[in-house]
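A short worksheet on the structure shown next.
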Amino acid sequence: MLDRIAPKLLAELIGTFGFVLIGAGASAVVGDGVGLPGITAIAFAHGLAIMAFAFAYGPVSGGHMNPAVTVGVFAAGAMRAGEAIGYIVSQLVGGIIAAFLLAALLHGPATGLGTPALAHNLALGVTSITITPFAGFVIEAVLAFFLVTIVLSTAVAGRAGDLAPLAIGLTVTFNIIMGGALTGAAFNPARALGPMIVTGNLNDAWLYVAAPIVGAILAAMVHAGLLRLARQPTVAEPGRPAPTPAG
């Protein structure tokens, strides 16, 4: 059993480490106040990173790199509870290690290390808005819903074959382009908690953990319901491509 699970946990740790290092690092380096070009750069950093590591580790562990994705895959009946817990622990450890390395490379946490935060007095057109915790929860949950929906509909269901990581990477990218200025668009507890723990800034940490989990469970429920209506299998059938979820 250990021989089978150990490579998966290591792949999840390394993949999440790389994703958080690149994504949070890009957020810290690009910084605030750079408008859509900066958000787009941050979005592509996250999207390309998740896509690359999904291609690399998808055949090993599925390349989740996101506790919300793992919860969604588990809720869809595509993995066991013990395995899901191991994945989540590995992902959180990978995110924290990446944040500590970022702090060392950037000479401390003063840059914020890409910690997500709810927008305050954000200029939009001729007005400005502040994102309340309720609105932030909804945004993060919906973004996670989109990601987990894509994971379950392509990788887990085996429909997209080798192109599943591309669809997942693009989903991460457009999610951040839309939500980056509003909530930081983490929709990934490991991505959010790593920088939060290292900087000591735990503002709204509950939101960045709970909202993606809620979105993931809703995505799994909708996925299962749609497949029952269509009378399709919830996971890849024997002989179809192996599931390679990511996110």
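The values are calculated or read from the model by the stated rules, or taken from the named source; none is laboratory data. Note that the structure is a prediction, hence the values are computed from the model and not measured. Please note: Cβ atoms are built from the backbone with ideal geometry, for glycine as well, and neighbour counts cover all protein chains shown. Side chains included, ligands, DNA and RNA excluded: accessible areas come from the protein's heavy atoms. Shrake-Rupley method; radii C 1.70, N 1.55, O 1.52, S 1.80 Å.
A few points about this structure:
- Comparison of V73, V60 shows that the only residue that is in contact with a Pro (Cβ under 6 Å, 6 or more places away or on another chain), closer than 19 Å to A211 by Cβ and either free of Cβ contacts under 8 Å to residues at least 12 places away in the same chain or of a type outside the set (D, E) (or both) is V73.
- Unmet criterion (only one of (1) polar (S, T, N, Q); (2) within 21 Å of F44 (Cβ to Cβ); (3) without any contact (Cβ under 8 Å) to a residue 60 or more places away in the chain) for N121: (2)
- The lone exception for P212 - which of (1) modelled with pLDDT of 95 or more; (2) over 11 Å from G72 (Cα atoms); (3) of a type outside the set (D, E) it fails: (2)
- Some residue of segment 57-65 being over 24 Å from A157 (Cα atoms) and buried (at least 24 other Cβ atoms within 10 Å of the Cβ): no
- Residues that are open to solvent by 20 Å² or more (accessible area, probe 1.4 Å), in contact (Cβ under 8 Å) with a residue 24 or more places away in the chain and not aliphatic (A, V, I, L, M), drawn from segment 35-56: T40, F44, F53, F55
- Among the residues making up segment 80-101, those that are surrounded by fewer than 24 Cβ atoms within 10 Å (Cβ to Cβ) and aliphatic (A, V, I, L, M) are A81, A84, I85, I88, V89, L92, V93, I96, I97, L101.
- Long-range neighbours under 8 Å by Cβ, at least six apart or interchain, first residue free of Cβ contacts under 8 Å to residues at least 12 places away in the same chain within segment 178-201, second open to solvent by less than 30 Å² (accessible area, probe 1.4 Å) and acidic (D, E): none
- Taking the listed residues F134, F146, the one that is in contact with a helix residue (DSSP H, G or I) (Cβ under 8 Å, 6 or more places away or on another chain) and among the aromatic types (F, W, Y) is F146, with no other qualifying.
Okay, residues lined up against (1) of a type in the set (G, A, S); (2) assigned to a helix (DSSP H, G or I); (3) open to solvent by 40 Å² or more (accessible area, probe 1.4 Å); (4) out of contact with any Leu (no Cβ under 7 Å at 6 or more places or on another chain):
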| site | (1), (2), (3), (4) |
| --- | --- |
| F187 | no, no, no, no |
| A192 | yes, yes, no, yes |
| I197 | no, yes, yes, yes |
| L202 | no, no, yes, yes |
| W206 | no, yes, yes, yes |
| P212 | no, yes, no, yes |
| I217 | no, yes, yes, yes |
| H223 | no, yes, no, no |
| L227 | no, yes, no, yes |
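- If only residues of segment 1-34 that are over 14 Å from the mean Cα position of the chain (by Cα) and open to solvent by less than 40 Å² (accessible area, probe 1.4 Å) are counted, the one that is farthest from M79 (Cα to Cα) is G31.
- Checking segment 148-163 against the condition returns no match, with no residue being open to solvent by 60 Å² or more (accessible area, probe 1.4 Å) and under 19 Å from I176 (Cβ atoms).
Conditions tested, residue by residue: (1) of a type in the set (G, A, S); (2) at pLDDT below 95; (3) in contact with a His (Cβ under 9 Å, 6 or more places away or on another chain).
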{"site": "A167", "(1), (2), (3)": "yes, no, no"}
{"site": "P195", "(1), (2), (3)": "no, no, no"}
{"site": "T199", "(1), (2), (3)": "no, no, no"}
{"site": "N203", "(1), (2), (3)": "no, yes, no"}
{"site": "L207", "(1), (2), (3)": "no, no, no"}
{"site": "V235", "(1), (2), (3)": "no, yes, no"}
